[in-house]
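Note sheet for the following structure.
The values are calculated or read from the model by the stated rules, or taken from the named source; none is laboratory data. These numbers come from a predicted model, not from an experiment. Glycine also receives a Cβ, built like all others from the backbone with ideal geometry; neighbour counts cover every protein chain displayed. The protein model used for the area step is the full one, side chains on, heavy atoms only, and it has no ligands, DNA or RNA in it. Shrake-Rupley method; radii C 1.70, N 1.55, O 1.52, S 1.80 Å.
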Amino acid sequence: MEALTQTVSTAIRTSDYPALSLVFTSQWQSLGQGEQRTLAAHFIKSAVAASSTFFPAAFQSQTILSVITATLDHLPPIVEGAADNTLRQLLFEYKVNEEDDYSTAA
């Protein structure tokens, strides 16, 4: 689990979208549900903390949008600092302001 957490942190810092996709599509299948929730929360918190360098470019990647969807679906009940809500707001604003995609944004 620690190795996956480090991989996620490094991938966010370097905007390595394929590495993030690999973690959240195949590698985390070997984790238990609680570990998946913890890893999903780590991704959300780390991505939001690095939002000035990670977003909005990441929103242009279908790969990252899939990762975001997967992680938002596997969160624990509470994410530190309400980072999940911050990410939802960032994604909403991107969809509305950059893509004029109101239906997907909603």
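Could you check, for region 92-105, whether at least one of its residues is without any contact (Cβ under 8 Å) to a residue 60 or more places away in the chain and crowded, with 19+ Cβ neighbours inside 10 Å? No, region 92-105 contains no residue that is without any contact (Cβ under 8 Å) to a residue 60 or more places away in the chain and crowded, with 19+ Cβ neighbours inside 10 Å.
Check region 46-56 and report whether any residue there is of a type outside the set (S, T, N, Q), closer than 23 Å to Thr14 by Cα and modelled with pLDDT under 90. Looking for residues that are of a type outside the set (S, T, N, Q), closer than 23 Å to Thr14 by Cα and modelled with pLDDT under 90, one finds at least one in region 46-56, hence yes. In the set Ser15, Ser30, only one residue is touching a residue at least 24 places away in the same chain (Cβ under 8 Å), among the hydroxyl-bearing types (Ser, Thr, Tyr) and either within 24 Å of Phe92 (Cα to Cα) or open to solvent by 50 Å² or more (accessible area, probe 1.4 Å) (or both); that residue is Ser15.
Hey, among the residues in region 54-76 that are closer than 19 Å to Trp28 by Cβ and not in a helix (DSSP H, G or I), which one's most open to solvent (accessible area, probe 1.4 Å)? The selected residue is Asp73.
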